[in-house]
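Notes for the one structure printed next.
The values are calculated or read from the model by the stated rules, or taken from the named source; none is laboratory data. Since we're looking at a predicted model, the values are computed, not measured. We place every Cβ from the backbone using ideal geometry, glycine too, and count neighbours over all the protein chains shown. SASA here: full protein model, heavy atoms, side chains in, ligands and nucleic acids out. Shrake-Rupley method; radii C 1.70, N 1.55, O 1.52, S 1.80 Å.
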Amino acid sequence: MSTPMVSFDRTAAEDDPFRWYHVRDTFAPGDAKALCESFPRDGFRMVTRTGRDKSYTMYHRQLHPVEGGEAGTAGLAEPWRRLVAEVTGPAYRAAVAELTGLPAGDASVEVNVWRYGGSCWLAPHVDKPEKLVTHILYFNEAWPEGHGGDLLLLGSSSGDDVVRRVAPLANTGVLLARGENSWHAVERVRDGAAGLERLSAQVVFHHG
């Protein structure tokens with residue numbers, strides 16, 4: 001049996017401002033480096049929305065499941081094909097279920113990658129009820145302070161009610177258990193940071 005890519009060995013459960021999990025050393029150093037260096041660059045589309053429940057601007061590519069018009073895993077580097085295979089498999093599901101106490105084993109799984117360039121952002125929101133838990137993984141080997149892009153964990157629907165900040169640094173991540181008070185956002189990436197992009201992937205578990 002091959003060694004899993006994703007590790008939850010250095011994970012801290014947090015309850016402020018709601019239940020979430022801070023994951024460090026997600027990958028072995030060699031895998032972390034390979035994933036950062038081969039982060040997908042094509043197949044993205046800009047998605048933008050202004051609405052009462054959620055507003056955002058960012059670039060998105062869905063890796064799993066493959067839907068009409070989506071690139072899926074086509075053209076992905078080998079480390080990324082391995083990662084998608086792992087996070088859609090039973091061992092990873094079991095690890096998430098054991099960590100969170102949520103029925104991840106029976107949930108449907110969606111895998112996406114995201115790029116946030118200058119002025120990209122995600123407004124304060126609570127995930128839709130059909131979401132069970134989301135694992136966010138980061139792939140920026142460095143991220144300068146003061147350039148936005150942090151994940152903001154909020155005490156309310158106000159973007160100013162920041163309780164915790166998580167920088168998008170490679171080989172770290174978070175799991176967010178969906179709840180009625182699980183307000184979060186992504187701080188707008190500053191325009192002045194020429195060429196800076198916030199790189200992340202999400203594994204989303206949906207009920208049923």
Output the residue which, of all residues in region 9-55 that are over 17 Å from the mean Cα position of the chain (by Cα) and among the β-branched types (V, I, T), is modelled with the lowest pLDDT.
T50
Kindly check whether there is at least one residue in region 78-88 that is aromatic (F, W, Y), in contact with a Leu (Cβ under 8 Å, 6 or more places away or on another chain) and outside any loop (DSSP other than H, G, I, E, B).
yes
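Among the listed residues R93, R115, which satisfies the condition of being modelled with pLDDT of 95 or more and in contact with a strand residue (DSSP E or B) (Cβ under 7 Å, 6 or more places away or on another chain)? It would help to see each step written out before you state the result.
Numbers: R93 fails: in contact with a strand residue (DSSP E or B) (Cβ under 7 Å, 6 or more places away or on another chain).
Within the list R93, R115, the selection yields R115.
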Looking only at region 140-158, count how many residues are under 13 Å from Y116 (Cβ atoms) and open to solvent by 50 Å² or more (accessible area, probe 1.4 Å).
1
Residues within region 98-128 that are free of Cβ contacts under 8 Å to residues at least 60 places away in the same chain and either open to solvent by 40 Å² or more (accessible area, probe 1.4 Å) or among the small types (G, A, S) (or both), tallied:
5
Condition first: touching a residue at least 40 places away in the same chain (Cβ under 8 Å), touching a strand residue (DSSP E or B) at 6+ places or on another chain (Cβ under 9 Å) and outside any loop (DSSP other than H, G, I, E, B). Can you find one or more residues in region 23-31 that meet it?
yes
Selected residue [in contact with a helix residue (DSSP H, G or I) (Cβ under 9 Å, 6 or more places away or on another chain) and hydroxyl-bearing (S, T, Y)] from T57, T50, T73, T88
T73
Any chance region 178-188 includes a residue that's open to solvent by less than 40 Å² (accessible area, probe 1.4 Å) and over 22 Å from V47 (Cβ atoms)?
yes
Among the candidates V166, V189, residue that is touching a residue at least 60 places away in the same chain (Cβ under 8 Å), in contact with a Gly (Cβ under 8 Å, 6 or more places away or on another chain), among the hydrophobic types (A, V, I, L, M, F, W, C) and farther than 25 Å from P103 by Cα
V189
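Per-residue answers, yes or no, for (1) among the hydroxyl-bearing types (S, T, Y); (2) more than 21 Å from W121 (Cα to Cα); (3) surrounded by 15 or more Cβ atoms within 10 Å (Cβ to Cβ):
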site	(1), (2), (3)
T26	yes, yes, yes
K33	no, yes, yes
P40	no, no, yes
D53	no, no, no
T57	yes, no, yes
R61	no, no, yes
